[in-house]
Amino acid sequence: MKPTMKCKLAVDAAMTVALLLLMAYGLVGEAAHEWLGMGMFALFLTHHVLNRKWLLAIGKGKYTPLRIIQTALVGVILLCMLGSMVSGILLSRYVFTFLPKHGGYEAAQKTHILCAYWGFVCMSLHLGFHCMMLAMARKHLQPSPLRTWSLRLAGWLWALYGTFAFHRRGVGLYLLLRSHFVFYDYSEPVILFLIDYLFVMALFTLIGYYLSQVIRK
């Protein structure tokens, strides 16, 4: 594997970990959340620098249905990231305390929740559209009915628990902004929260992956 590809995978892995920790805002603490947000934004910029060839080719070539969806998804992620960053700066109590006081905290809070959760879903879908691990596994594994059905069963189990975690954590409420506050069980170990959100991420990653396969065919 080329060094550039290794660097890309390392950055993407770091972004995945940071994204999960950012969703655990109330359990990791406000100060840690703000610094994680800054780190996430730096990783986001690094990701785009490493993938600058894709960015420079946006206006070139033919746009297939798959490419249209991928490009639109990247655009939504960019908007969510910028919205999260700007609203996060306005809500900051630690990193940007040097900024003058202002109003609009309620609007900034709503924007932050909306952008954070839609960003989480869209990044998971984006990961599925570019998920090489599943494609490589299918390519290199020898055809076998048992192996095929085992992988399908594992995928369905991931999706099933991811759906349960999606409902249990009220992710849909935050996506539709039906709740203006994210509720946490502060007696719950952080690892359990992260596992649930990892399964939710896996659910949307699988949706993105299989959607991309359908579009290709």
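Assess whether residue 74 counts as being surrounded by 16 or more Cβ atoms within 10 Å (Cβ to Cβ), modelled with pLDDT of 90 or more and either at positive phi or not basic (Lys, Arg) (or both). Judged against the criteria, residue 74 is a match.
Per-residue answers, yes or no, for (1) in a helix (DSSP H, G or I); (2) among the aliphatic types (A, V, I, L, M); (3) within 25 Å of residue 204 (Cβ to Cβ):
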| position | (1), (2), (3) |
| --- | --- |
| 4 | yes, no, no |
| 11 | yes, yes, yes |
| 16 | yes, no, yes |
| 20 | yes, yes, yes |
| 31 | yes, yes, no |
| 35 | yes, no, no |
| 41 | yes, no, yes |
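Every condition in (1) buried (at least 17 other Cβ atoms within 10 Å of the Cβ); (2) at pLDDT 90 or above holds for residue 160 except the one numbered (1).
The values are calculated or read from the model by the stated rules, or taken from the named source; none is laboratory data. No experiment lies behind these values; they were computed from the predicted model shown. Virtual Cβ from ideal backbone geometry, glycine too; neighbours counted across all protein chains shown.
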